[in-house]
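Here's the structure, in structure tokens; my notes come after.
The values are calculated or read from the model by the stated rules, or taken from the named source; none is laboratory data. Keep in mind that what you see is a predicted model, and the values were worked out from it rather than measured. So basically every Cβ, Gly included, is an ideal-geometry build from the backbone, and we count neighbours across all protein chains shown. Accessible surface areas use protein heavy atoms only, side chains included; no ligands, DNA or RNA. Shrake-Rupley method; radii C 1.70, N 1.55, O 1.52, S 1.80 Å.
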Amino acid sequence: MIRGLTWLLGFQVLGELVVRVLDVAVPGPVVGMLLLFVVLRLSRYGDDGPIVRAGTALLDHLQLFFVPAGVGIVVYLGLVGEHALPIAAAALGSWLLGLAVVGGTATGLERLLGKPRDDLGDPA
Amino acid sequence: MRDDLLDLARSPLVLLFLTVAGYQAGRWIRTRTGGHALAQPVLVAIAVVGTAITVLDVDYADYRGATELVAFWLGPATVALAVPLHRQTDRLKGFVVPMLVALVLGAVTSIVTAVLIARALGADEALQKTLAPKAATTPVAIAVVDALGGIAPLVAVFTIGIGIVGAVIGPALLNLLHIRDRRARGLAMGAVSHGVGASRMLREDETEGAFAGLAMGLTALITSLLVPLLALVLF
């Protein structure tokens with residue numbers, strides 16, 4: 001566990017380093033994720049290695065790590081309530097359109113390229 | 001209540017305990033309801049903690065400081081999203097071009113429509129700017145809003161809120177839209193509901209989770225590049 005966590009923290013440090021050196025407005029962990037992916041790929045990392053075990057353990061509880069920021073809603077309840085309609089409509093509307101555009105474009109292009117997939121099977 | 005007991009109730013230890021216990025309660029409810037879509041542990045935990053700190057009259061800033069230990073792990077967990085992706089790499093074949101085109105179009109759609117809908121319904125410019133990058137993962141959204149001149153702490157609430165919406169109704173909506181390729185399903189959820197959406201997809205299916213994680217990462221990159229450009233046109 002600690003060995004895997006050390007690697008994950010190490011790649012986060014590397015990501016932060018890259019972000020600072022290149023001076024880009026992307027979070028360090030996102031760059032760390034992409035770098036770790038490349039390394040796992042190149043090293044043909046096995047399914048039972050420490051990075052996989054530590055990573056899976058953290059991802060099982062991903063939702064927990066969002067709680068402290070999410071509780072921030074209590075500070076803004078008044079503001080959000082006052083502008084409830086524009087906030088709800090803009091957030092939900094753009095969410096729905098974004099979801100449909102990404103899903104539709106990806107599957108549409110697959111069909112154009114002649115490689116559509118259907119993983120859900122026949123609904124019968 | 002006695003002052004020393006009240007001090008204990010407001011201490012970092014108890015605030016941290018409430019956070020983990022609220023999350024644990026959410027997991028318990030999820031199991032008890034057979035994985036009902038509404039039973040997202042993050043939602044239950046926010047409700048429990050939000051109520052508790054309001055009753056105990058704890059400043060949010062103090063709560064945030066006390067739970068830095070929990071929030072910290074979001075970074076390493078984001079790095080860890082490389083793991084499911086690595087295990088699913090062979091599924092990337094023939095999907096790279098559709099994926100990149102879809103994510104760029106999706107990010108433009110999400111940013112532009114959020115601003116325009118908010119504007120049409122009378123939201124002020126600060127609020128429009130705060131809504132613009134809400135599809136990106138929390139740290140990116142905060143950085144983007146900061147640079148743009150919106151309300152940075154509020155965008156964290158929007159992103160997590162929309163992440164929860166995705167976790168609750170996303171899979172059902174994808175069925176309704178007839179998106180049946182697991183790669184595209186994960187991609188769509190990660191693009192609009194970032195890590196919270198990815199966590200739901202990881203529970204559904206590893207392929208969906210892996211592509212949600214990838215979409216979250218790439219959308220973070222795309223959003224931080226696109227919002228400043230689109231802002232020139234929009235504001």
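Give B:VAL115, B:VAL97 a once-over and let me know the one that is open to solvent by 10 Å² or more (accessible area, probe 1.4 Å), over 15 Å from B:GLY217 (Cβ atoms) and in a helix (DSSP H, G or I). Give the steps one after another, and end with the answer.
Details: B:VAL115 fails: open to solvent by 10 Å² or more (accessible area, probe 1.4 Å).
Sole residue among the options that is open to solvent by 10 Å² or more (accessible area, probe 1.4 Å), over 15 Å from B:GLY217 (Cβ atoms) and in a helix (DSSP H, G or I): B:VAL97.
Check off (1) at pLDDT 90 or above; (2) open to solvent by less than 60 Å² (accessible area, probe 1.4 Å) for B:GLY35 and give me the number that stays unchecked.
(1)
Of the residues B:GLY122, B:GLY166, which is under 27 Å from A:VAL74 (Cβ atoms), small (Gly, Ala, Ser), at the interface with chain A (Cβ under 8 Å from one of its Cβ atoms) and outside any helix (DSSP H, G or I)? Give the derivation first.
On the way: B:GLY166 fails: outside any helix (DSSP H, G or I).
Testing whether each residue is under 27 Å from A:VAL74 (Cβ atoms), small (Gly, Ala, Ser), at the interface with chain A (Cβ under 8 Å from one of its Cβ atoms) and outside any helix (DSSP H, G or I) leaves just B:GLY122.
Considering segment B:208-221 alone, what residues qualify as being open to solvent by less than 10 Å² (accessible area, probe 1.4 Å) and within 20 Å of A:GLY104 (Cβ to Cβ)? Step through it out loud before you land on a result.
Of the residues in segment B:208-221, the ones open to solvent by less than 10 Å² (accessible area, probe 1.4 Å) are B:208-213, B:215-217, B:219-220.
The answer is B:GLU208, B:PHE211, B:ALA212, B:ALA215, B:MET216, B:THR219.
Residue-by-condition table, conditions (1) under 20 Å from B:ILE160 (Cβ atoms); (2) among the small types (Gly, Ala, Ser); (3) surrounded by fewer than 21 Cβ atoms within 10 Å (Cβ to Cβ); (4) not assigned by TED's automatic domain parsing to the domain that holds A:ALA91:
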| position | (1), (2), (3), (4) |
| --- | --- |
| A:LEU5 | no, no, yes, yes |
| A:GLY10 | no, yes, yes, yes |
| A:VAL21 | no, no, yes, yes |
| A:ALA25 | no, yes, yes, yes |
| A:GLY46 | no, yes, yes, yes |
| A:GLY49 | no, yes, yes, yes |
| A:VAL52 | no, no, yes, yes |
| A:GLN63 | yes, no, no, yes |
| A:TYR76 | yes, no, yes, no |
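If you go through segment B:119-159, how many residues are closer than 20 Å to A:PRO29 by Cα, out of contact with any Phe, Trp or Tyr (no Cβ under 8 Å at 6 or more places or on another chain), open to solvent by less than 10 Å² (accessible area, probe 1.4 Å) and among the hydrophobic types (A, V, I, L, M, F, W, C)?
The qualifying residues number 5.
Take A:ALA57 and tell me if it is open to solvent by 20 Å² or more (accessible area, probe 1.4 Å), over 24 Å from B:ASP181 (Cα atoms), in a helix (DSSP H, G or I) and more than 7 Å from every other protein chain (Cβ to nearest Cβ).
yes
Just name the residue that is farthest from the other protein chains (Cβ to nearest Cβ) out of those in segment A:60-84 that are in a loop (DSSP other than H, G, I, E, B) and of a type outside the set (A, V, I, L, M). Outline the logic, then answer.
Initially, segment A:60-84 is screened for residues in a loop (DSSP other than H, G, I, E, B), giving A:61, A:71-72, A:83.
Within this subset, residues satisfying the condition of being of a type outside the set (A, V, I, L, M) are A:61, A:72, A:83.
Details: A:HIS61: 8, A:GLY72: 5, A:HIS83: 6 Å.
The residue in question is A:HIS61.
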